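Nothing in this text is a laboratory measurement; each read-out follows from the coordinates by a stated rule. The structure presented is a predicted model; accordingly, all values stated were derived computationally and were not measured. Heads up, the Cβs are rebuilt from the backbone with ideal geometry, glycines too, and the neighbour counts pull from every protein chain shown.
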Amino acid sequence: MEYIIIIISAIFVNNILLAKFLGVCPFIGVSNKVETSIGMTGAVTFVMVIATIVTYLIQKYVLEAFGIQFMRTITFIIIIASLVQMVEIMLKKISPPLYQALGIFLPLITTNCAVLGVAIMVTDGQIPGVEGTITLLHSVVFAIANAVGFGLALIVFAGLREHVELTNVPKAMKGVPIAFIIAGLLAMAFMGFTGIV
Amino acid sequence: MSQWKNFSKGIFKENAVFVLFLGLCPTLGVTTSALNGLGMGLATTFVLLGSNMVVALIKNFIPDKVRIPSFIVIIASFVTIVELTMQAYLPDLFKQLGLFIPLIVVNCLVLGRAEAFASKNTFLSSFVDGLGMGIGFSLALTVLGGVREILGSGQIFGLDLYEGGMIAFVLSPGAFIVLGYLIVLNNKLINKKS
């Protein structure tokens, strides 16, 4: 039951993009086409889950064990940056087709606030629906659910934007401004889920 | 380029939020009121100034290949300074801004300026650039926060203006919609796009 609440809450109620505003840069940047947003979603899911596991363990067994929690920001960003690099090298060797598909998006993920954001939320103990201590399984489920929420919002939004490209928009609103207004309407639609968990 | 031009481009011509679309996550996330926007803007300005100055000073010692990780570590150190200082002296603001303070590390604006400007220019130019960009960013956040506060809760900087606002403007849809229309205004009035 606890896990179902985590999943529904992270995907719909507290959607990472539309309610928490994490990862808005790729949201606006790569959402021109449905295809690229699927690629981005894949890369983010991959890195987010691995990064959450590693940062959870580091926080628990290194930072807390030695009482150096103030080093968290620096440690986490270095972990994420090196993970992204490592994933890139490994993918290149193990699965060239997947690397081709995700390749250009991987370096962008280092500065995607969603990945660092989820890692920080987990270590701050801010998973909605969990009382008491957070286990590794909680954080993995939370990371996967957030990645799905990110993908859902990104792909729906890309679909909407593909249609808007074909319509006649006032000159000053072309491109990014109209995208923001659409995102606002989408966020309003997601607000309808408020209160179900 | 004169230093004055270098300073003012960050405020109008290359405004981080309205023109370059950098640093959007904190822009949308914390601007529920003008004061929060200003606080976030000043915190980012401090990090931006610090990282620009340090990067400009040591740019000749950093090997090209490990450039980006080095910049990130420099930025993360300044963010930690802000985080700890704010927690000690401004605990209320720190609680309001919450997650977004550590997330200054991944603000594309800070890394973008380090990479695109400070790693190629002198100490003085980088300082002026950081100041201009930071003030432009703070201004944008304060305006966005102010508009949302006026429409959403009928207040400005905590002073009551009228009774009852439209709560949607304080919640997430308002952030996207108000920012969208502010960019439109900017395109129409300040940086006329042909």
The exposure ranking of B:PHE61, B:PHE46, A:PHE142, fewest beta-carbon neighbours within 10 Å first, is B:PHE61, B:PHE46, A:PHE142
Relative contact order in percent for the range B:42-111 (Cα pairs under 8 Å, 6+ apart) equals 40
One can check that the equivalent ellipsoid of the range B:107-185, built from the alpha-carbon gyration tensor with semi-axes equal to the square roots of five times its eigenvalues, has lengths in Å, largest first, of 34, 13, 9
Computed over chain B: longest principal axis from alpha-carbon atoms vs helix B:172-185 long axis, angle to nearest 10 degrees, is 70
The alpha-carbon center of the range B:153-170 and that of the range B:1-69 are separated, in whole Å, by 29
Between the Cα axis of helix A:113-123 and the main Cα principal axis of chain A, the angle (0 to 90°, nearest 10) is 30
Of B:ILE75, B:ILE58, B:ILE101, the most mobile residue in a GNM of chain B (C-alpha springs, cutoff 10 Å) is B:ILE58
Here the whole-number average of other chain Cβ atoms within 10 Å per Cβ of B:59-70 is 1
Cα gyration tensor of the protein assembly as shown diagonalised, 5x eigenvalues square-rooted, in angstrom largest first, produces semi-axes 29, 27, 23
Ordered by fewest other Cβ atoms within 10 Å, a rough proxy for footprinting exposure, A:THR133, A:THR194 read A:THR133, A:THR194
Once both label points are put 7 Å beyond Cα along the C-beta direction, the A:SER95-B:LYS65 separation in nm becomes 2.8
Over the range B:11-50, the quotient of the Cα radius of gyration and 2.2 N^0.38 Å is 1.15
Whole-percent tail of the Cα-Cα distance distribution for chain B, cut at 32 Å, equals 17
dims of chain A, Cα set, principal axes, largest to smallest, nearest Å -> 59, 45, 29
With Cα coordinates, the longest principal axis of chain B makes an angle with the long axis of helix B:123-153, in degrees rounded to 10, of 10
With +1 at each Lys and Arg Cβ and -1 at each Asp and Glu Cβ, the charge dipole magnitude of the protein assembly as shown around its Cα centre, to the nearest 20 debye, comes out at 1200
Given unit charges at Cβ for Lys, Arg (+) and Asp, Glu (-), the dipole magnitude of the range B:101-194 about its Cα centre in debye, nearest 20, is 440
Cβ density ranking, 10 Å radius, fewest first, applied to B:SER125, B:SER2 yields B:SER2, B:SER125
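Would you calculate a helix-derived [θ] at 222 nm for chain A, using -39,500 (n - 2.57) for each DSSP H run of n ≥ 4 and dividing by the full residue count, to the nearest 500?
-21000 deg cm²/dmol
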Per residue of A:170-178, other chain Cβ atoms within 10 Å number on average 6
Checking rank on A:111-119, B:105-113, with mean other Cβ inside 10 Å and highest first, the result is A:111-119, B:105-113
In the structure shown, of A:LYS60/A:LYS93; A:LYS20/A:LYS60; A:LYS92/B:LYS120; B:LYS5/B:LYS59; A:LYS33/A:LYS60, the pairs separated by more than 30 angstrom at the C-alpha atoms are A:LYS60/A:LYS93; A:LYS92/B:LYS120; A:LYS33/A:LYS60
Any chymotrypsin sites (Phe, Trp or Tyr not before Pro) in the range B:146-194 that lie in a DSSP loop and have at most 15 other Cβ atoms within 10 Å would be B:PHE157, B:TYR162
If amide H atoms are modeled at 1.01 Å from N in the peptide plane, then the residues at a separation of 5 or more from B:GLN155, or on another chain, having amide H under 5 Å from its own are B:ILE150, B:LEU161
